[in-house]
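Note sheet for the following structure.
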Amino acid sequence: GYYNDLGVISFVEDALSLGDVDGDGLDERLIIDNGNLYCYNSNNTICEGFPVFGNFKGTPLIVDIIDNGNNPEIICQNDNVISIMSNKGDDILENIPNFSNNQNIYVMSGWEENKAAIINGNMLFIFNEYNALYSYWENPFSTTYNYPIVTGSHIENTEDLDIGID
């Protein structure tokens, strides 16, 4: 993904998924450790609102599937539900039943304009607010053809470059 530089795609070790979670143009790395969900920037600082405590498992998906502004949501299996949370991890927007605890979840997009579905075993949960520009990691291998590369749009955010720690 675009982890360290907007002009260079990098291989990122130890990431379950990558995507521009915080809207700064660069990808963040999502991992699960002891059931808790963590989000890290390229300098190994933890993202605002993380960790999210729970019993998370599988591969977190980074997809804009709910009309929540121009931000992706993070979708992950959490015990007997699939949690759809805000990009800051601070708000669970939806919990839907997890009908297949032993299988990965996938997002199927592109089948009708602005529609996508979360695939959970033989169940489909259809959402009408899919936005491809802010969708980065749609299945355990990222792309619809299972190639691990970040999709979605990467726009450089120059507004916050002057913000630092005094």
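The values are calculated or read from the model by the stated rules, or taken from the named source; none is laboratory data. Fair warning: this is a prediction, and the values are worked out from it, not measured in the lab. Cβ: placed from backbone, ideal geometry, glycine included. Neighbour counts: every protein chain shown. Note: areas computed on protein heavy atoms with side chains; ligands, DNA, RNA excluded. Shrake-Rupley method; radii C 1.70, N 1.55, O 1.52, S 1.80 Å.
Note on region 117-128: among residues that are in contact with a strand residue (DSSP E or B) (Cβ under 6 Å, 6 or more places away or on another chain) and among the aliphatic types (A, V, I, L, M), the one that is surrounded by the fewest Cβ atoms within 10 Å (Cβ to Cβ) is Leu124. Considering only residues in region 71-92 that are without any contact (Cβ under 8 Å) to a residue 40 or more places away in the chain and more than 22 Å from Phe141 (Cβ to Cβ), the one that is surrounded by the most Cβ atoms within 10 Å (Cβ to Cβ) turns out to be Ser86. Comparison of Asn114, Asn55, Asn95, Asn101 shows that the only residue that is open to solvent by 70 Å² or more (accessible area, probe 1.4 Å) and at pLDDT below 90 is Asn114. The condition of being of a type outside the set (Asp, Glu), touching a residue at least 12 places away in the same chain (Cβ under 8 Å), assigned to a loop (DSSP other than H, G, I, E, B) and out of contact with any Gly (no Cβ under 7 Å at 6 or more places or on another chain) holds for only one of Asn44, Asn102, Asn139, Asn95, that being Asn139.
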